[in-house]
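Beneath this line is the structure, given in structure tokens, with notes to follow.
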Amino acid sequence: MTFFYPVIVYFVVFAIMNQAVLPMLPLDAVMGQALTSFVAGTVVYICFIATKKRGSDGTGRLVYLAPVKKSTCIGGVIAILWLGCAGVAMNNVIAAMGLQQISASYQQVEQAFYSSNLLREIIALGVITPLAEELLYRQLVFYRLRESYGRLTAVVASALIFGVLHMNIVQTVYAFVLGLLLALLMENYQDVRVPLLGHIAANIIAILRGETEWLSWLALGEPLFVPVTVILLAVTAVIAGYYIRSCKNTK
């Protein structure tokens with residue numbers, strides 16, 4: 001159960017921030033999320049990474065500042081495009097299933113997080129939150145699960161933990177599917193910055209979609225909604241199949 005210790009610490013810090021610190025600060029929900037994610041991510045880094053001996057896998061160093069390899073750049077571009085497609089497709093599927101309407105907790109989260117200005121939302125929810133979450137779920141939870149139970153279990157279990165801990169049905173379904181893709185990227189590239197870029201891309205696209213008319217032509221009921229969703233799901237599945245085969249062909 002060592003894989004769960006960082007999660008416990010992360011959410012204890014979250015609880016302390018939400019209950020004891022944020023009420024004293026003049027911050028809206030979005031900036032409160034940014035501050036809490038930054039503090040929780042920093043505490044997790046100090047407790048579980050910075051205290052370890054430096055190693056070839058990035059342990060013990062500030063992983064986001066490690067030297068960039070060519071494979072990281074290639075993987076980063078793929079991650080941005082792949083997770084961007086997957087994020088749009090999953091939002092369309094969730095809309096078609098009507099999950100937003102049956103989840104009151106999701107509606108509350110959406111109302112709180114989309115109540116700030118666009119720039120703050122992009123910085124807080126599009127960048128800072130993914131930074132903290134990738135450090136926790138892929139750099140720590142995924143690797144710990146992989147060491148104890150193997151990579152298949154690590155991919156599925158880390159995605160499940162990532163999804164369930166979002167605490168509402170809409171975000172659980174969305175985060176679980178994207179968590180699978182992010183874990184596959186982590187396994188294939190062994191560099192947390194690759195899934196990080198994909199996570200950032202998916203979040204920013206979702207923010208822009210919710211706050212602008214950028215993807216209004218993909219709204220439920222529009223003529224292109226179904227065909228584009230099918231195409232994006234197919235692209236997502238094909239790339240996922242490639243990475244799954246790649247995992248099977250490597251030791």
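The values are calculated or read from the model by the stated rules, or taken from the named source; none is laboratory data. This one's a predicted model, so the numbers in the text were calculated from it and none came from an experiment. Here the Cβ positions follow ideal geometry from the backbone for every residue, glycine too, while neighbour counts run over all protein chains shown. Ligands, DNA and RNA are excluded from the accessible area calculation, which covers all protein heavy atoms including side chains. Shrake-Rupley method; radii C 1.70, N 1.55, O 1.52, S 1.80 Å.
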(request) Pull out the extension gain between ASP28 and ALA50, defined as 0.36 nm times the separation in residues minus the alpha carbon to alpha carbon distance; nm, one decimal. (result) 4.8 nm
(message) I'd like the distance between the alpha-carbon centres of segment 200-217 and segment 105-137, rounded to an integer number of Å.
(response) 13
(request) May I ask you to order 93-103, 130-140 by the average number of other C-beta atoms within 10 Å around their residues, highest value first? (result) 130-140, 93-103
(request) With a/c under 1.5 counting as rounded, go ahead and sort segment 93-173 into rounded, prolate or oblate using the C-alpha gyration tensor (a ≥ b ≥ c being the square roots of the eigenvalues; past the cut-off, prolate if a/b is larger than b/c, else oblate). (result) oblate
(message) Can you classify segment 177-242 as rounded, prolate or oblate using the Cα gyration tensor, where a ≥ b ≥ c are the square roots of its eigenvalues, rounded means a/c under 1.5, and otherwise it's prolate if a/b beats b/c and oblate if not?
(response) oblate
(request) Quick one: grab Rg to one decimal and Dmax as a whole number for the chain, Cα atoms only, in Å. (result) 17.9, 56
(request) Enter the accessible area of CYS73 (Å², nearest 10), with the probe set to 1.4 Å and all protein chains included. (result) 80
(request) Provide the solvent-accessible area of SER148, counting protein heavy atoms only and rolling a 1.4 Å probe, rounded to the nearest 10 Å². (result) 70
(message) What are the ³J(HN,Hα) couplings of segment 240-246, residue after residue, when phi is run through the Karplus curve with 6.51, -1.76, 1.60 and θ = phi - 60°? Round to Hz, x for glycine and proline.
(response) 4, x, 4, 5, 5, 4, 4
(request) Within 10 Å, count the other beta carbons around each residue, average over each peptide in 176-185, 10-19, and list them highest first. (result) 176-185, 10-19
(message) Explain nothing, just compute: Karplus ³J(HN,Hα) = 6.51 cos²θ - 1.76 cosθ + 1.60, θ = phi - 60°, for every residue of segment 217-230 in order, whole Hz, x for Gly and Pro.
(response) 6, 9, 5, 4, x, 6, x, 8, 4, 5, x, 5, 4, 4
(message) Quick check for you: which residues of segment 130-150 have the amide N under 16 Å from the point 7 Å beyond the Cα of GLU211 toward its beta carbon?
(response) 130
(message) Net charge within 13 Å of ALA79 by Cβ-Cβ distance, Lys/Arg positive one each and Asp/Glu negative one each, not counting ALA79 itself?
(response) -1
(message) Looking at the chain as a GNM with Cα springs under 10 Å, which of MET186, MET24, MET167 has the largest mean-square fluctuation?
(response) MET24
(message) 7 Å from Cα along Cα→Cβ at both THR250 and GLN108: what's the point-to-point distance in nm?
(response) 4.2
(request) May I ask you to derive the relative contact order of segment 134-242, considering only C-alpha pairs under 8 Å and at least 6 residues apart, and to give it as an integer percent? (result) 18
(request) Specify, per residue and in Å³, the volume enclosed by the convex hull of the alpha carbon atoms belonging to segment 1-128. (result) 167
(request) Report ³J(HN,Hα) in whole Hz for each residue of segment 163-171, in order, from the Karplus equation J = 6.51 cos²θ - 1.76 cosθ + 1.60 where θ = phi - 60°; Gly and Pro get x. (result) x, 4, 6, 7, 6, 8, 4, 5, 5
(request) Taking 7 Å along the Cα-to-C-beta vector as the label spot, tell me the CYS73-TYR149 distance in nanometres, rounded to one decimal. (result) 3.7
(message) On a full-extension model of 0.36 nm per residue, what is the gain between GLN101 and ASN117, subtracting their alpha-carbon distance, rounded to one decimal in nm?
(response) 3.3 nm
(message) Skipping prolines and chain starts, which residues have an amide H placed within reach, meaning under 5 Å, of the one on ILE49, given they are 5 or more residues away or on another chain?
(response) none
(message) For the chain, what does the relative contact order come out to in percent, with C-alpha contacts under 8 Å and a separation of six or more?
(response) 28
